[in-house]
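Each remark here refers to the structure printed beneath this line.
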Amino acid sequence: MIFVTGGCGFIGSCFVLDWLRDQQEPLLNIDALTYAGHPGNLEAAAGNPNYHFVHGDIRDKSLMRDLFQQWKPRAIVHFAAESHVDRSIAAPSAFVDTNVTGTVNLLQAAQELVQTLPPEEAHAFRFLNVSTDEVFGSLEPTDAAFSEAHRYQPNSPYSASKASADHFVRAWWHTYQLPTITTNCSNNYGPRQFPEKLIPLVIHNALRGQPLPVYGDGMQVRDWLHVSDHCSALRAVLAQGRPGETYNIGGRSVMTNLDVVRGICAMLDELRPRATPHAGLITHVTDRRGHDRRYAIDDSRLAAELGWQPKMRFADGIRQTVQWYLDNSAWVESVTSGSYRQWVEQQYHSRAAR
Ligand code: NAD
Ligand code: DAU
């Protein structure tokens, strides 16, 4: 069987559902159910005999050790993290606790298991660390895209915590020969993304006729990767990736934030017309502190070694995503009560329109 951490979040839930659909192998999901984890994301897995769930925190070292000893997984796909850059700017400590210490707990628990395995099983074990392109920092307009050899230069508390975790993962390979692989991917989008992130936030606000907050001039550049493509890349890396290696994963959909927001507005004008165009709700607000200007991914290693490339065109993926939010208002209602409202209040009401 395999372990997944953070399977009740946005990307983890896609990975779990795709895995249970396509594979016969059991999977144990370990999730602390923070504000970002929703058991409802995995409703479709309920009753599947290959699906197991532990409500557990990766910061709990002895629990992680016990789970590895009890279940003896052949691999772990590690998603669990504090994942939102703005929250890391507002309150960084949780990012160190979960993203760094939690990852080290998992590395230790995995290593303790692997050293008890026969050589061929130890060799076949995989620790797949799901990381981000943000560890590379920000590109100038004419710089080449991030390759796997790009220097680490994290700029936010979030990316610094992910970079730190990546370094520990590398160290466990180098020092203990734990078969680790790290993937560094670009911005994901798709169903079930928590509406603190740009795309679901804009859809959510636009449907309520509320301002669409664009940080600064909105000319920051991101490479948008559909979550189902990300998960197919992770399965390929788990099956065929080389231990000790890192792989970049990109969506080949490079756009400015303003273009993304305008595209969503145009789609909603078609699907949910209002008296005036949705783009009229766009509001430029105070920029994010330390905001990275440009990310771009060179995914040629993944393409050359594993024959992987993204399948979803952004135009199709964003239409499917907008339609999913229109069709799943009950999900949106359930995740945007209580603490979500406090976050929005704290995050946006102090951000004056520019
Ligand atoms: P998310 O915030 O939607 O979900 C995180 C999940 O982890 C939640 O289910 C949460 O309950 C769980 N979790 C948090 N702290 C935990 C802890 N201490 N113990 C156990 N579970 C805990 O995140 P996401 O967007 O799905 O991202 C998943 C991973 O992918 C993260 O590691 C993130 O850094 C990485 N990543 C995300 C993106 C993106 O665009 N969303 C891009 C690149 C990399
Ligand atoms: O690049 C991968 C990273 O992508 C992941 O590692 C992170 O977990 C994930 O959150 C995401 O980080 P970003 O900061 O790029 O995503 P976010 O959706 O928060 O913001 C996307 C861009 O939109 C960014 O330039 C900031 C901008 N933005 C965001 C919000 C929430 C706005 O202009 N307005 C907003 O209200």
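For the range 186-213, filtering for residues that are surrounded by fewer than 20 Cβ atoms within 10 Å (Cβ to Cβ), of a type in the set (Lys, Arg) and either more than 9 Å from ligand 2 (Cβ to nearest atom) or assigned to a strand (DSSP E or B) (or both) leaves 1. In the set (1) over 29 Å from TYR340 (Cβ atoms); (2) touching a residue at least 60 places away in the same chain (Cβ under 8 Å), ASP18 fails one condition alone, (1). LEU33 meets each of the listed conditions (1) within 16 Å of ligand 2 (Cβ to nearest atom); (2) not in a helix (DSSP H, G or I) apart from (1).
For the range 298-354, a residue qualifies if it is at pLDDT 95 or above, more than 22 Å from ALA36 (Cβ to Cβ) and of a type in the set (Gly, Ala, Ser), and the qualifying residues are SER300, ALA303, ALA304, GLY307, ALA315. Within the range 324-354, being more than 30 Å from GLU43 (Cα to Cα) and of a type in the set (Ser, Thr, Tyr) holds for TYR348, SER350. With respect to the conditions (1) within 19 Å of TRP19 (Cβ to Cβ); (2) outside any helix (DSSP H, G or I); (3) more than 16 Å from ligand 2 (Cβ to nearest atom); (4) not hydroxyl-bearing (Ser, Thr, Tyr), LEU106 lacks only one, and its number is (2). Only helices (runs of 4 or more DSSP H) whose full extent lies in the range 296-337 are considered here, and the ones with at least 1 residues that are out of contact with any Cys (no Cβ under 6 Å at 6 or more places or on another chain) and under 12 Å from LEU225 (Cα atoms) are 314-327.
Residue pairs whose Cβ atoms lie under 8 Å apart, sitting 6 or more positions apart in sequence or on different chains, and linking a residue in the range 290-306 that is of a type in the set (Phe, Trp, Tyr) to a partner that is assigned to a strand (DSSP E or B) and within 9 Å of ligand 2 (Cβ to nearest atom), are TYR295/VAL221; TYR295/ARG222; TYR295/ASP223.
Pairs are defined by a Cβ separation below 6 Å, a sequence spacing of at least 6 or placement on different chains, a first member in the range 125-138 that is in a loop (DSSP other than H, G, I, E, B), and a second member that is modelled with pLDDT of 95 or more and more than 10 Å from ligand 2 (Cβ to nearest atom); the pairs so defined are PHE125/VAL114; PHE125/PRO179; GLY137/GLN153; GLY137/ASN155. Do we have THR276 as assigned to a strand (DSSP E or B) and at pLDDT 95 or above here? Considered against the rule, which asks whether it is assigned to a strand (DSSP E or B) and at pLDDT 95 or above, THR276 comes out as no.
Looking only at residues in the range 24-33 that are over 15 Å from SER334 (Cβ atoms) and within 8 Å of ligand 1 (Cβ to nearest atom), the one that is surrounded by the fewest Cβ atoms within 10 Å (Cβ to Cβ) is ALA32.
The values are calculated or read from the model by the stated rules, or taken from the named source; none is laboratory data. Remember, it's a predicted structure, so these values are computed and weren't measured experimentally. So basically every Cβ, Gly included, is an ideal-geometry build from the backbone, and we count neighbours across all protein chains shown.
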